[in-house]
Amino acid sequence: MRINKFLASIGIGSRREIDKMILDNRIKINGQFPEPGIKVNCSDTIEIDGEKISLEIEKKVYYKLNKPKGYLSAVKDTREKTIVELIKTDKRIYPIGRLDLETEGLILLTNDGEIFNKIMHPKSKIYKKYFVVVKNKLSKFDIDKLENGIELEEGLTLPAIIENVEYESNKTSFYISIREGRNRQIRRMIKAIDNRVIYLKRVKIGKIELGDLKVGEYKKLTEEELNYLKTL
């Protein structure tokens with residue numbers, strides 16, 4: 001089996017993360033630095049950062065977390081707190097996708113590399129829904145631009161879905177659904193229409209909802225939620 005798929009299957013990380021680890025010379029196979037795509041099996045000796053790893057397949061775990069502000073969507077960081085620190089588990093879990101440091105809301109974590117790929121693959125066409133508050137009034141023209149696509153540095157965004165627009169003093173709140181994962185995409189889209197995000201929270205990924213999880217709380221996915229992910 002290809003090394004990235006093999007290591008993902010035993011909970012080391014996503015295939016993309018494993019490929020990067022190989023390119024960064026963090027992984028050795030039988031004492032040698034491998035090329036991406038090499039095939040391995042349980043008889044091989046695999047080391048990560050100089051530490052030999054167990055090749056037993058870990059039990060798969062799946063969590064949803066209401067990410068607080070001030071936490072990185074990462075496994076480890078020497079400068080900032082990470083969301084993995086909020087979950088009590090002996091498994092080597094990692095986040096599926098990212099929320100920026102100042103954004104709250106729903107994020108999924110797992111040690112299942114196959115589920116990671118299902119959600120992150122462009123063909124999945126999963127919409128992520130966010131609650132947004134912006135600084136100034138959002139005009140009909142602004143809404144039309146968001147719904148038709150915003151021109152960013154790397155190109156035009158896919159159309160967004162805008163719902164439940166409400167105005168209060170000099171603020172506007174609404175829900176926006178997108179199915180891309182560009183870096184800080186919603187904040188950049190709002191900036192492109194000369195406005196500014198003052199609060200951002202993800203409330204839904206596909207059919208999985210944040211529900212009544214309080215900030216910083218987490219729980220395991222239900223069987224129904226997990227079955228949904230497996231059908232993607």
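Remark: the ASN25-ILE198 segment gains 58.2 nm on full extension, using 0.36 nm per residue and subtracting the alpha carbon distance.
Could you compute the net charge surrounding LYS28? Neighbours are other residues with a C-beta less than 13 Å from the C-beta of LYS28; K and R count +1, D and E count -1. My count for the surroundings of LYS28 gives -4. With a simple spin-label model that places each label point 7 Å from the Cα along the Cα-to-Cβ direction, the separation between GLU223 and VAL75 comes to 3.1 nm.
Close amide H pairs (under 5 Å, H built 1.01 Å from N) link ASP112 with VAL61, residues at least 5 positions away or on another chain.
Residues in the chain average 57 Å² of solvent-accessible surface per residue, probe 1.4 Å, ligands and nucleic acids excluded. At a 1.4 Å probe, what is the % contribution of carbon and sulfur to the accessible area of the chain? Within the chain, the accessible surface is 47 percent carbon and sulfur. Between LYS230 and LYS59, the distance separating the two model label sites (each 7 Å from Cα on the Cα→Cβ line) works out to 1.6 nm. Partner lysines whose Cα lies under 22 Å from the Cα of LYS137, excluding those fewer than 8 positions away in the same chain, are identified as LYS129, LYS145, LYS171, LYS191, LYS201.
Applying 1/(1 + (r/R0)^6) with r as the Cβ-Cβ distance of PHE141 and GLU102 and R0 = 25 angstrom yields a FRET efficiency of 0.40. Averaging the sequence gap over all C-alpha pairs within less than 8 Å and six or more residues apart, then dividing by the number of residues, gives the stretch 1-142 a relative contact order of 24 percent.
On the beta carbon distance between ILE161 and ARG2, with R0 = 45 Å, the FRET formula returns roughly 0.75. Each Lys or Arg adds one and each Asp or Glu takes one away; over the other residues whose Cβ falls under 11 Å from the Cβ of PRO159, this sums to -1. Sequentially through the stretch 163-173, phi angles give Karplus couplings (6.51, -1.76, 1.60; θ = phi - 60°) of 9, 6, 6, 9, 10, 8, 6, 9, 10, 10, 10 Hz, Gly and Pro residues having no value and appearing as x.
When you count the other C-beta atoms within 10 angstrom of each residue and take the mean per peptide, 104-114, 193-203 line up highest first as 104-114, 193-203. Along the axis of the charge dipole computed for the stretch 1-56 (Cβ charges of +1 for Lys and Arg, -1 for Asp and Glu, origin at the Cα centre), the listed residues MET1, ILE48, ASN30 are led at the positive end by MET1.
For the stretch 34-86, the relative contact order comes to 18 percent (Cα pairs under 8 Å, sequence separation of at least 6). Using Cβ point charges alone (K and R +1, D and E -1), the dipole size of the stretch 1-43 about the Cα centre works out to roughly 100 debye. 3J(HN,Hα) along the stretch 207-212, derived from phi through the Karplus expression 6.51 cos²θ - 1.76 cosθ + 1.60 where θ = phi - 60°, amounts to 9, 8, 9, 5, x, 9 Hz, with x in place of Gly and Pro. Using C-alpha pairs under 8 Å with a sequence gap of at least 6, the mean separation divided by the residue count of the stretch 82-232 gives a relative contact order of 29 percent. Here is how the number arises for the chain: DSSP H runs of 4 or more residues each give -39500 (n - 2.57), the sum is divided by the residue count, and the result at 222 nm is -5500 deg cm²/dmol.
The values are calculated or read from the model by the stated rules, or taken from the named source; none is laboratory data. Because the structure is predicted, anything quoted here is derived from the model rather than measured. Quick reminder, even Gly has a Cβ in these numbers, built from the backbone with ideal geometry, and neighbours come from all protein chains shown. Accessible surface areas use protein heavy atoms only, side chains included; no ligands, DNA or RNA. Shrake-Rupley method; radii C 1.70, N 1.55, O 1.52, S 1.80 Å.
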